Amino acid sequence: MSMINFVLDSKGGTPFYRQIIDQIKFGIASGSLKLGEQLPTVRALAVELKINLNTVTKAYKELEIQSILETQQG
């Protein structure tokens, strides 16, 4: 699993999906997230963070559009 410990700030005003994107980008930039390393599944991350599945899906899709991550079904 990933070496990122996701932490969401509900008081900061930044949408959760944006916080997830920023934390993944920071993980890559800081080297704590390696190329090809597997991130938690959408469901696993949503459960872990106690947020809606769609929020995680939106973050992952946005990162995919930016060619920062690649999703695989199944």
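The values are calculated or read from the model by the stated rules, or taken from the named source; none is laboratory data. Keep in mind that what you see is a predicted model, and the values were worked out from it rather than measured. Cβ coordinates were reconstructed from backbone atoms using ideal geometry, including for glycine residues, and neighbour counts include every protein chain displayed. Heavy atoms of the whole protein, side chains included, go into the accessibility calculation; ligands, DNA and RNA do not. Shrake-Rupley method; radii C 1.70, N 1.55, O 1.52, S 1.80 Å.
How many of the residues making up segment 1-36 are of a type outside the set (Val, Ile, Thr), open to solvent by 40 Å² or more (accessible area, probe 1.4 Å) and outside any helix (DSSP H, G or I)?
Of the residues in that region, 14 qualify.
Among the candidates Glu37, Glu48, which residue alone is in contact with a Ser or Thr (Cβ under 8 Å, 6 or more places away or on another chain) and touching a residue at least 12 places away in the same chain (Cβ under 8 Å)? Full working, then the answer.
Working: Glu48 fails: in contact with a Ser or Thr (Cβ under 8 Å, 6 or more places away or on another chain).
Answer to the selection: Glu37.
Report yes if some residue within segment 41-59 is surrounded by 10 or more Cβ atoms within 10 Å (Cβ to Cβ) and in contact with a Gly (Cβ under 6 Å, 6 or more places away or on another chain); otherwise report no. Reasoning before the result, please.
As a first pass, look at segment 41-59 and keep what is surrounded by 10 or more Cβ atoms within 10 Å (Cβ to Cβ): 41-49, 51-59.
Those still in the list that are in contact with a Gly (Cβ under 6 Å, 6 or more places away or on another chain) too: none.
Checked segment 41-59: no residue is surrounded by 10 or more Cβ atoms within 10 Å (Cβ to Cβ) and in contact with a Gly (Cβ under 6 Å, 6 or more places away or on another chain).
Could you count how many residues in segment 37-55 are over 16 Å from Thr71 (Cβ atoms), of a type outside the set (Lys, Arg) and assigned to a loop (DSSP other than H, G, I, E, B)? Outline the logic, then answer.
Of all residues in segment 37-55, those over 16 Å from Thr71 (Cβ atoms) come to 47-52.
After this cut, where a residue has to be of a type outside the set (Lys, Arg) as well, the list is 47-49, 51-52.
Restricting the remaining residues to those that are assigned to a loop (DSSP other than H, G, I, E, B) gives 51-52.
So the answer is 2.
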